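The values are calculated or read from the model by the stated rules, or taken from the named source; none is laboratory data. Note that the structure is predicted; figures quoted are calculated from it, not measured. Counting neighbours? That spans all protein chains shown, and the Cβs are built from the backbone with ideal geometry, glycine included. Calculation scope for accessible area: heavy atoms of the full protein, side chains included, ligands and nucleic acids excluded. Shrake-Rupley method; radii C 1.70, N 1.55, O 1.52, S 1.80 Å.
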Amino acid sequence: NAGVTQTPKFRVLKTGQSMTLLCAQDMNHEYMYWYRQDPGMGLRLIHYSVGEGTTAKGEVPDGYNVSRLKKQNFLLGLESAAPSQTSVYFCASRSGTGMYSNQPQHFGDGTRLSIL
Amino acid sequence: AQKVTQAQTEISVVEKEDVTLDCVYETRDTTYYLFWYKQPPSGELVFLIRRNSFDEQNEISGRYSWNFQKSTSSFNFTITASQVVDSAVYFCALSEGGGSYIPTFGRGTSLIVHP
């Protein structure tokens with residue numbers, strides 16, 4: 001019963017390096033989200049997807065790109081990492097159609113990313 | 001635009017005390033959903049409760065209870081006889097009806113329960 005799985009769990013990067021965070025869900029959910037969590041700031045939405053092949057910008061999209069080529073996967077990319085992107089990243093998913101709309105989100109365990 | 005305010009940044013109590021976490025929301029929709037999530041020190045986010053705007057009944061689950069009042073746009077969370085294991089950050093969230101894709105989260109309240 002995996003739910004939402006994020007990889008990796010920890011990563012340290014140097015400024016300017018690139019990397020991809022992977023989120024995989026096995027609940028056949030339509031909606032997927034990437035958040036970042038910083039002290040005192042709560043959860044801020046980076047990008048989200050309402051279905052396979054679609055993505056949209058959230059509150060803080062700059063410096064990030066996403067892709068949803070398969071329904072179960074949502075990738076978050078950092079093209080050129082900056083120290084300001086040091087954060088904990090959470091992926092979430094939820095069902096979103098018809099009577100199942102506005103269901104609670106299921107979250108992954110988070111990825112702790114440090115940019116030096 | 002929807003908004004969620006959790007005015008209490010941090011609350012510190014001693015075990016067995018009752019504690020209430022406040023959540024005030026703003027929305028123009030008549031149909032909306034409210035949520036509470038818990039984030040313990042281990043870091044994962046755990047769903048606690050969902051309430052829709054047409055159901056103002058209070059809910060009780062063990063030591064946890066939720067008070068939803070549309071008149072004051074509040075959805076407060078009370079923990080009775082708090083325990084050290086209740087120490088966590090608690091988030092309130094709002095999702096507007098009509099197929100809204102994006103829930104809005106409050107900034108969270110950090111609850112510290114001392115033994």
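Odds and ends about this structure:
- Dipole axis of the protein assembly as shown (+1 Lys, Arg; -1 Asp, Glu on Cβ), positive-most option in A:P104, A:V12, B:H114: A:V12
- Spatial separation of Cα centroids for the stretch B:16-89 and the stretch A:46-63, in angstrom: 28 Å
- Volume per residue for chain A equals 96 cubic angstrom (convex hull of Cα atoms).
- Put a dot 7 Å past the Cα of A:Q72, heading toward its Cβ, do the same for A:T5, and the two dots end up 0.9 nm apart.
- Apolar share of the accessible surface for chain A: 53 percent from carbon plus sulfur atoms, 1.4 Å probe.
- With 10 Å bins from 0: P(r) over chain B, alpha-carbon pairs, percent: 14, 48, 30, 7, 0
- Summed residue charge, Cβ within 12 Å of B:Y64's Cβ, Lys/Arg positive, Asp/Glu negative: -1
- Accessible solvent surface per residue of the protein assembly as shown, calculated while the other protein chains remain in place, 1.4 angstrom probe, Å²: 48 Å²
- With a 10 Å cut-off around each Cβ of B:102-109, the average count of Cβ atoms from other chains is 5.
- Highest-first packing order for the peptide set B:84-94, B:53-63, A:5-15, A:35-45 is B:84-94, A:35-45, A:5-15, B:53-63, based on the mean count of other beta carbon atoms within 10 Å.
- Projected-area mean, the protein assembly as shown, by convex hull of Cα positions, square nanometres: 12.8 nm²
- Once the partner protein chains are put back, the stretch A:20-69 shows a loss of at least 50 square angstrom of accessible area, versus the chain by itself, at A:L43 (probe 1.4 Å, ligands and nucleic acids excluded).
- Put simply, chains B and A cover up around 1700 Å² of each other's accessible surface, both sides summed, when a 1.4 Å probe is used.
- Accessible-area composition of chain B, carbon plus sulfur, in percent [1.4 Å probe]: 48 percent
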